[in-house]
Amino acid sequence: KEFIGYLVISDEIKEDAKKAISYLNNKYNIHIISGDKKDVVKKVADTLEISNYHYEMLPDEKLKIVENINKNTNLVYVGDGINDAACLISSSCGIAMRSLGSDMAIKASDIVIMDDKISSINKAINISKKTMKTVKQNIVFSIAVKVLLMVLSIIFTLPMWVAIIGEVGVCLLAILNSLRIIYGNVSIKNV
């Protein structure tokens, strides 16, 4: 009848979370929206240096916060539970964690992180930036070549094969330029 100790069971913060969240915190406004108790959420927020945190939230309360934030800016919501599904759908971009995620969260998300590392979110952001840059290059190049061919066809009488080669050539060059994202020397930082 003597108290000799106790056990505390709690979730552990992922080992790459501190570095990844620090990287994101420098560029974006981070919020924790959790159904957990205040002391648990505060401890995680303090450890990861996140100033905006919400605790003991039910799914409909989470959704109200997400919709409020999403009104003013583009919102990326990261979640893995069934209670995150509505927020994943309502956000500008929903990200689910594969092995931890419920099937409902995975189906509701736009992106699924397969390795469950928080740092993969940073990698996904960098890939999307590289992809958008490549898409813009392809559009500008395609329009420039087509305008050039139109101007040349007004000045000179060009045979049909020039237009066909111009059209097919632009498509092939756009595809090759896009392949640089996968196979080329495009550096994608994984923080």
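The values are calculated or read from the model by the stated rules, or taken from the named source; none is laboratory data. Note that the structure is predicted; figures quoted are calculated from it, not measured. Ideal geometry is used to build each Cβ from the backbone, glycine not excepted, and the neighbour counts take in all protein chains shown. Quick note on the areas: whole protein, heavy atoms, side chains included, nothing else; ligands and nucleic acids left out. Shrake-Rupley method; radii C 1.70, N 1.55, O 1.52, S 1.80 Å.
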Can you give me the solvent accessible area of residue 167 with a 1.4 Å probe, rounded to the nearest 10 Å²?
80 Å²
State log₁₀ I(q)/I(0) for segment 111-191 at q = 0.24 Å⁻¹ as given by the Debye formula over alpha-carbon point scatterers of equal weight, solvent excluded.
-1.09
Test of understanding: express the Cα radius of gyration of segment 1-119 as a ratio to 2.2 N^0.38 Å, with N the residue count.
1.14
Using only the Cα atoms, what convex hull volume per residue in Å³ does segment 100-145 have?
76 Å³
Sort 7, 173, 63 by heavy-atom solvent-accessible area, probe 1.4 angstrom, most to least.
7, 173, 63
Between their Cα atoms, which of 19/123; 14/130; 19/117 are more than 19 Å away from each other?
14/130
Using 7 Å Cα-to-Cβ label points, what is the residue 38/residue 25 separation (nm, one decimal)?
2.2 nm
Compute, for residue 131, the solvent-accessible surface of its heavy atoms (probe 1.4 Å) with the complete set of protein chains present, and express it in square angstrom to the nearest 10.
50 Å²
Compute the FRET efficiency between residue 141 and residue 74 as 1/(1 + (r/R0)^6), taking r as their Cβ-Cβ distance and R0 = 35 Å, and round to the nearest 0.05.
0.80
Find the centroid of the Cα atoms in segment 131-176 and in segment 1-79, then give the distance between the two in whole Å.
49 Å
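Could you tell me which helices of the chain pass both thresholds, a Cα extent of 24 Å or more along their own axis and a mean Kyte-Doolittle hydropathy of at least -1.0, with helices taken as whole DSSP H runs?
119-155, 160-183
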Show 179, 172, 149 ordered by accessible area, largest first, where the area counts protein heavy atoms only and the probe is 1.4 Å.
172, 179, 149
Give me the accessible area per residue for the chain, probe 1.4 Å, as a whole number in Å².
70 Å²
Would you tell me the accessible area of residue 140, worked out with a 1.4 angstrom probe on the heavy atoms of the protein chains, in Å² to the nearest 10?
100 Å²
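Hey, with R₀ at 30 Å, roughly what FRET efficiency would residue 12 and residue 131 work out to, going by the Cβ-Cβ distance, to 0.05?
Values: r = 33 Å, r/R0 = 1.11.
Computed FRET efficiency for residue 12 and residue 131: 0.35.
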Considering the zone a paramagnetic label at residue 82 would reach in this model (a point 7 Å from Cα along the Cα-to-Cβ line), which residues of segment 93-123 have amide N under 12 Å from it?
102-105
